Each structure stands twice: as structure tokens, then as C-alpha cells.
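Structure, as C-alpha cells:
The values are calculated or read from the model by the stated rules, or taken from the named source; none is laboratory data. Predicted model, so just to flag it, every value in this text is computed and none were measured. Reconstructed Cβ throughout: ideal geometry from the backbone, glycine too, with neighbour counts over all protein chains shown. Only protein heavy atoms, including side chains, enter the accessible area calculation; ligands, DNA and RNA are left aside. Shrake-Rupley method; radii C 1.70, N 1.55, O 1.52, S 1.80 Å.
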There are 2 protein chains.
Amino acid sequence: MKEIISSVGKLNHIAIAVPSIQIASDMWKKALGANISAPQILTDHGVKVIFVEAPNTKVELLEPLNENSPISRFLEKNPNGGMHHICYEVKNLKSASKKLEAVGARILGDGLPKIGAHGNPVIFLNPKDFSGTLIELEEIE
Amino acid sequence: MKEIISSVGKLNHIAIAVPSIQIASDMWKKALGANISAPQILTDHGVKVIFVEAPNTKVELLEPLNENSPISRFLEKNPNGGMHHICYEVKNLKSASKKLEAVGARILGDGLPKIGAHGNPVIFLNPKDFSGTLIELEEIE
């Protein structure tokens, strides 16, 4: 019997930065028949967000609200848009952080959790430690 | 009551191109406690693959087998690695293709399904029509 030990939980979302969530979500809806949420303005994070629902997870389309948005900087490098990060759920961010530290995986910023776009504590991991992929960990009890 | 009409199915995987699946999967395992599959060599697709399992979907780490691999070309532009595509399941690729065509979303190559890495028919959609994201549709009955 195969034993599965996993401390990361569900893949909560894949975030995609786009120049226009109107154009992007229209295409996801019309071409793929995806169910789209109403747009939300997250002023603190400098983004407008729409969720593209799939039965098991979701795509989060992000459009910058202004030039200071972290998404604006990403779009300068990727003008058409592109995949920005993936987010895993964890039960306990403190123990997840200890594990990361123990193996030398770096947390971005000061290493302490911030309140994320969905109101839960989150950390972002240095993409250099994960082969170029930006990973968010979100504490979901 | 909210009615959900969706023709795309589950998000089957997120594919991430990496210079070394050994290094990448070690980090996913050690730092995140993720469950990792045994590596598979897919000669026809020019890639070595490892699956990083999450309870609801999976990350597919792709390492090129040689210089002719499509993943090699991606890594030339993104030497550290990066997110390559996302894959949605569909029940019927023929009807999905008709819908795409009707709204002007382009299928890469000759527009006809190919046999994908998991033995099922797949198509890839032009990232220009989806705000820079490469989307694979995989027929899963």
C-alpha cells in the first residue's frame, strides 16, 4: 500500500496576470464555457480580480489597478499577460515556514505572513528556490 | 440559486518547465512535503516528467530530453524554468473545437487533436487568444 504523506493541501488557484480581465474573462467564458465570478476590486493589493471556476480549482485573473501594482511590473515584462503564481493551501503557516527554513527555501519579504487577497494569512516563496515558479502558501483552517 | 454552466471540466494539471526535475521535485518534496511520482520518460514528447500531487490536481514538472524538445526552447527564454501551460479536461474535443472556432480562438498546429503525454487526444490553444496563457484541452471520457 502506498503511503501518501503530504503537508501541502489543495491547489487553491493559479493566478494569471492579464492586461484586461474583461477581455480575458470573455474569452474564457465564450471559448471554454467557463463559469466566471463577478469582478472584485482589491484596493490594498492593487488589483482587480475575476475567478474562472473549474470543478476542482480556479484560475484567478488579475488586472493591475494602477502603475504601482506588482502586477503592473509583471506586465511590463510580459505585455500580453502570463501565468503569475500558484497557490497551495496549508493548515498551519508557522509549521510550513519552519519546514521551508530547515531546507533553505526563502520566503519573500520579511518572512512573516501578510493578509492575502482572500483575507487569510499568506506567504510567497522565492521563485529561485522553486525552478522559476512563484508559489503562494495560504493558511486555510 | 446560482446556475453553473461550464463546458470545461477539471483542471487536470499545471505544467512547469524546469532545467532539472531532480532538483525541482526534491524541493517540492522537502520544502512543501508534496507527494512526488516516479519520473517517466516520454520519448515522443521529448520530455522527462514527474507529477507533484495535490489533493485536487497536480503539477507536472517537465525537463527536456534533448535540444529539439519544445521545452528546451522555452528554457532558452526562461533559463530558471517557469510555468508552461495549464490543462483542462473536456468530454468531447470535437464540440470544444467547434466552440473555439465559433469565437475565433485558434488551435495551434493544424487544428487537429494529437495524442498527448497521457495517451489521450489533446489540442493546444494559441496563447495570444488567452492573454498570454498556453491552454491544453485533454479529452477525458
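Contact residues in the range A:11-42 by the 30 Å² criterion (accessible area, 1.4 Å probe, full protein complex versus chain alone): A:11, A:14, A:27, A:28, A:30, A:31, A:32, A:33, A:35. A helix-only calculation puts chain A at -6000 deg cm²/dmol for mean residue ellipticity at 222 nm, using -39500 (n - 2.57) for each DSSP H run of at least four residues, averaged over all residues.
Taken per residue, the accessible surface of the protein assembly as shown reaches 51 Å², heavy atoms only and a 1.4 Å probe.
Kindly give Rg over Rh for the range B:51-141, based on alpha-carbon atoms, with the Kirkwood expression for the hydrodynamic radius.
On the way: Rg = 14.0 Å, Rh = 14.4 Å.
Rg/Rh: 0.97.
Once both labels are positioned 7 Å from their Cα atoms along Cα-to-Cβ, the gap between residue A:30 and residue B:41 label points is 4.6 nm. How much accessible area is lost when chains A and B come together, counting both sides, with a 1.4 Å probe, in Å² rounded to the nearest 100? So the total buried area for this chain pair works out to about 3900 Å².
Taking all protein chains in place and a 1.4 Å probe, what share, in percent, of the accessible surface of chain A do carbon and sulfur account for? It would help to have the intermediate numbers written out before the result.
Values: 3820 of 7250 Å².
Using a 1.4 Å probe with all protein chains present, chain A comes out at 53 percent carbon and sulfur.
Distance distribution note for the range B:1-87: the fraction of Cα pairs above 18 angstrom is 47%.
Run through the range B:33-141 and list the chymotrypsin sites (Phe, Trp or Tyr not before Pro) located in a DSSP loop whose Cβ has at most 16 other Cβ atoms within 10 Å.
On the way: sites: B:51, B:74, B:88, B:124, B:130; in loops: none.
The qualifying sites: there are none.
Comparing the full protein assembly with the isolated chain (1.4 Å probe, heavy atoms, ligands and nucleic acids excluded), the residues of the range B:82-99 losing at least 20 square angstrom of accessible area are B:83, B:86, B:88, B:99. The angle between the Cα long axis of helix A:93-102 and the longest principal axis of the Cα atoms of chain A comes to about 70 degrees, rounded to the nearest 10.
A DSSP coil position with no more than 14 other Cβ atoms inside 10 Å describes the following GluC sites (Glu not before Pro) in the range B:1-109: B:3, B:67.
Over all directions, the projected convex hull of the C-alpha atoms in the protein assembly as shown averages 15.6 nm² in area.
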